[in-house]
Amino acid sequence: MFSLQPDTFARVALCGSLGAAAGLAVHDFVRRRRLRKLGFTAADLSSKDAVLRKWAEIAVQQIPEKISLTQIESHAWSNASEYSDARAALEKLGLERKPVFVASPQKWVVEFWRSKEAGIFAAILDAPPCGLHTEFMVSYTDGSTVSFENTEECGRRHLENYNWIHCGLVAPDQLLDKALRERKEHHVGQMQLADCVQAYERATNESLAWRREVGFSPEEMKQTYERQRRKRSLLGRLS
């Protein structure tokens, strides 16, 4: 996403790859033109830090004021086999499957799972850029929550009262063990579906409000870019 320096082309040319250098130059030109359409100025493209700062501004502008969860009849999961594995794992743990909700306006999907453990519920989410993943959330009487999800570290800060902890690519039973170990005494007790939906909505919306206030740092945007780049590279090798 950053412009290539002149010495990059020199090294390519010295290797005899003039055609490749020309291709990179065209790619860089097209990329800059697309960025300008997004509102980037010449000053925004002057350095990596400037690009990251502009990205951060655009990202904040795209954050909705709030999301609302609306129940839907069904959902075509982006990865059917991963969903099947997650569902089987939660059923094995004794959780009760509940309806699917879509979070508007962002259009990511949450399927809630009611737990017999007090103060804890689970969810299977289909949400870009994280994709399909599972999380266990603990809800407390002071309104705070903490969520344990089987995703890789995102490199972003989280609001302390509504923390999302990235536990890596682990199985749902390990997420539950983590939630049980770290659950405090002031949990809300046994939860019904409405309690789960309300807790998730509140945690998300207060986190969105906080993020609009504090914005994104250039380092957070760099981490996001690096994660997306690694993911694209991995998908390219697998295809």
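The values are calculated or read from the model by the stated rules, or taken from the named source; none is laboratory data. Because the structure is a prediction, the values reported are computed rather than measured. So basically every Cβ, Gly included, is an ideal-geometry build from the backbone, and we count neighbours across all protein chains shown.
Being among the acidic types (Asp, Glu) and surrounded by 16 or more Cβ atoms within 10 Å (Cβ to Cβ) narrows it down to one of Glu160, Glu111, Glu153, so name that one.
One residue alone meets the criteria, Glu111.
Against the test of being in the same structural domain as Ser144 (by TED's automatic domain parsing) and assigned to a loop (DSSP other than H, G, I, E, B), the options Ser74, Ser84, Ser46 yield a single qualifying residue, Ser74.
When each of Ala127, Ala122, Ala103, Ala88 is tested for being without any contact (Cβ under 8 Å) to a residue 40 or more places away in the chain and under 28 Å from Trp210 (Cβ atoms), the lone residue that passes is Ala127. Scanning the range 165-191 for residues that are free of Cβ contacts under 8 Å to residues at least 40 places away in the same chain and not aliphatic (A, V, I, L, M) returns His166, Cys167, Gly168, Gln174, Asp177, Arg181, Glu185.
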